[in-house]
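Have a look at the structure below before the remarks.
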Amino acid sequence: MSPFGGSTTEAVWERFDPRIFLQRSAPATRVQASFRSAYGLPRVGAVAVGTDSVEHLRELVGALAFEVDDQVVLEYRQLLRARRQPV
């Protein structure tokens, strides 16, 4: 699973806010929300990342304290299924 599509500096991360997938608790960064959400979209047991930045790894480890909002994930999956169905 590559939650960032190769880079956290791509323009998409300025336009899309993945924090919608997290329960409303402590403030998370977009990077943290992407990483944490990757465990539930689809549900996986491990996520691999590559970096040589200790700060980036520290930010990702901190993301594990956040919880994914299962209701939002369910609604997201329903929207994806509805989009695939022919009209």
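FYI, it's all coordinate maths here, none of it is from the lab. All of these numbers come straight from a predicted model, not from anything done at the bench. Using ideal geometry, Cβ is built from the backbone for each residue, glycine included, and neighbour counts are taken over all protein chains shown.
Between residue 64 and residue 83, the contour length at 0.36 nm per residue exceeds the alpha carbon distance by 3.8 nm.
Given a cut-off of under 8 Å on Cα pairs at least six residues apart, what relative contact order in percent is computed for segment 19-72? Write down the numbers at each step before the final one.
Numbers: 50 pairs, mean separation 28.3, N = 54.
In percent, rounded to a whole number, it is 52.
Each principal axis of the Cα cloud of segment 24-75 was evaluated for its coordinate range; sorted largest first, these ranges are 35, 23, 14 Å. Computed extension length for residue 55-residue 15: 12.1 nm, one decimal, from 0.36 nm per residue of separation with the Cα-Cα distance subtracted.
Please report, to one decimal in angstroms, the Kirkwood hydrodynamic radius of segment 12-53 built from all distinct Cα-Cα pairs.
On the way: mean 1/r = 0.0885 Å⁻¹.
The Cα-based Kirkwood calculation yields 11.3 Å.
Amide H contacts for residue 22 (H built 1.01 Å from N in the peptide plane; partners 5 or more residues away or on another chain; cut-off under 5 Å): 69. Other residues whose C-beta falls under 14 angstrom from the C-beta of residue 75 contribute a net charge of +1, scoring Lys and Arg +1 and Asp and Glu -1. For semi-axes √(5λ) of the Cα gyration tensor in Å, the candidate list reads (i) 24, 15, 12; (ii) 79, 9, 5; (iii) 19, 17, 12; the entry that matches the value derived from this model is (i).
Counted by Cβ distance under 12 Å from residue 16, the other residues give a net charge of 0, where Lys and Arg count +1 and Asp and Glu count -1. Within the listed set 46, 65, 28, the residue fluctuating most in the Gaussian network model of the chain (springs between alpha-carbon atoms under 10 angstrom) is 46.
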